[in-house]
Amino acid sequence: MFSERSGVVNVGLEGMMLTGAFFGIMAADKLDSWFFGLLVGVLSGGAMALLHAIWSIHLRADQIISGFAINFLALGLTGYLFIDIYGQEGTPTDIPSIPNVQLSFLYDIPGVGDFVGGVFGNLNLMIWIALILVPLSWFVLFKTPLGLRIRAVGEHPRAADTVGIDVYRVRYGAVIASGMLAAAGGAFLSIGFVNSFNENMTAGRGFIALAAVIFGNWRPFGAAAACLLFGFSSALAQRLPEYSDSAAVLFQALPYVLTLIAVAGVIGRSIPPAADGRPYQKQ
């Protein structure tokens, strides 16, 4: 959302998530700390985003092609390093993982304690950070001078340039922030959710995130609602095979099918930032 609001299409979210997942768990393993694992994972995603920003902003390459290049680079790099470092045995089982936040008082709410506590009483720290980031992103984007600059360079970079806004700097910052946030999601997958790493473990979630931004009309709360919709379908896909083994594969495809339906239904009505995907050349 930050990247596209600044005028740069970030199709490389998948690769940035995958990079964050691998380097996050590798750093957590080598440094014996989930915090440093998360930090290294986020920085690795920022490095991938910087590469995408250089290609897209300064070299004015096709942003779609640049994003796909990032995806393939991340897939090859993480796959090679994973085999080289961990071999066929895979990642160890004792790697420090991102902890859950225990909110035991939720279980004491009269009448609904079991339900509310069961849902919110033992969530991973990264889930709470993600929930906090939704209103925080809205505030930054729509209530601060920085957010106004991001939206300005995404709508009319020439006009923003004439009033003294550094279009290149704002776009670089937005793309790198986008990559770091995507990598945080990847690090959650590896050291917060499954506590292991497999090649291409993101399995298209970066593209689902891209669809969520479009579905949410490039707004934080809309994108978050779309993510909850896709997350619900993914959770449903994991549980329905218990009732129908033959339909297990079909249910696993449900999130991706829903993504296609959602994007096909709203992409004609959604209006992206006016300069989205258009390289800017300073006169």
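Computed values, structure above
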quantity: Hits in the stretch 51-77 (condition: farther than 17 Å from THR202 by Cβ and either in contact with a strand residue (DSSP E or B) (Cβ under 7 Å, 6 or more places away or on another chain) or open to solvent by 70 Å² or more (accessible area, probe 1.4 Å) (or both)); calculated: TRP55, HIS58, LEU59, ARG60, ASP62, ILE64, ILE65
quantity: Number of the condition not met by LEU77 [criteria: (1) closer than 30 Å to GLY277 by Cα; (2) touching a residue at least 60 places away in the same chain (Cβ under 8 Å)]; calculated: (2)
quantity: Residue list for the stretch 129-179, filter: of a type in the set (S, T, N, Q) and assigned to a helix (DSSP H, G or I); calculated: SER137, THR162, SER178
quantity: Boolean, GLY37 is in contact (Cβ under 8 Å) with a residue 40 or more places away in the chain, under 21 Å from ARG169 (Cβ atoms) and surrounded by 17 or more Cβ atoms within 10 Å (Cβ to Cβ); calculated: no
quantity: Residue in the stretch 11-30 that is touching a Pro at 6+ places or on another chain (Cβ under 9 Å), within 18 Å of ILE95 (Cβ to Cβ) and either open to solvent by less than 60 Å² (accessible area, probe 1.4 Å) or part of a helix (DSSP H, G or I) (or both) present; calculated: yes
quantity: Filter pass, ARG169 being in contact with a Lys or Arg (Cβ under 8 Å, 6 or more places away or on another chain) and among the basic types (Lys, Arg); calculated: no
quantity: Wholly within the stretch 181-262, helices (runs of 4 or more DSSP H) carrying at least 2 residues that are closer than 24 Å to SER97 by Cβ; calculated: 205-215, 220-239
quantity: Tabulated pairs, the stretch 121-145, first within 24 Å of ILE98 (Cβ to Cβ), second surrounded by fewer than 16 Cβ atoms within 10 Å (Cβ to Cβ) and among the small types (Gly, Ala, Ser), C-beta under 7 angstrom, 6+ apart or interchain; calculated: GLY121/SER104
quantity: Output for the stretch 11-70, where each listed residue is hydroxyl-bearing (Ser, Thr, Tyr) and modelled with pLDDT of 95 or more; calculated: THR19, SER44
quantity: Set ALA152, ALA187, ALA203: member being farther than 30 Å from GLY90 by Cβ and open to solvent by less than 60 Å² (accessible area, probe 1.4 Å); calculated: ALA152
quantity: Test: residue in the stretch 93-106 that is modelled with pLDDT of 90 or more, closer than 17 Å to SER178 by Cβ and either open to solvent by less than 40 Å² (accessible area, probe 1.4 Å) or out of contact with any Cys (no Cβ under 7 Å at 6 or more places or on another chain) (or both); calculated: no
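The rows are residues; the columns are (1) at pLDDT 75 or above; (2) among the aliphatic types (A, V, I, L, M); (3) open to solvent by 80 Å² or more (accessible area, probe 1.4 Å).
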{"residue": "ALA209", "(1), (2), (3)": "yes, yes, no"}
{"residue": "PRO220", "(1), (2), (3)": "yes, no, no"}
{"residue": "SER233", "(1), (2), (3)": "yes, no, no"}
{"residue": "SER244", "(1), (2), (3)": "no, no, no"}
{"residue": "PRO272", "(1), (2), (3)": "yes, no, no"}
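The values are calculated or read from the model by the stated rules, or taken from the named source; none is laboratory data. All figures in this text were calculated on a predicted structure; none of them were measured in a lab. Heads up, the Cβs are rebuilt from the backbone with ideal geometry, glycines too, and the neighbour counts pull from every protein chain shown. With ligands, DNA and RNA removed, areas are computed over all heavy atoms of the protein, side chains included. Shrake-Rupley method; radii C 1.70, N 1.55, O 1.52, S 1.80 Å.
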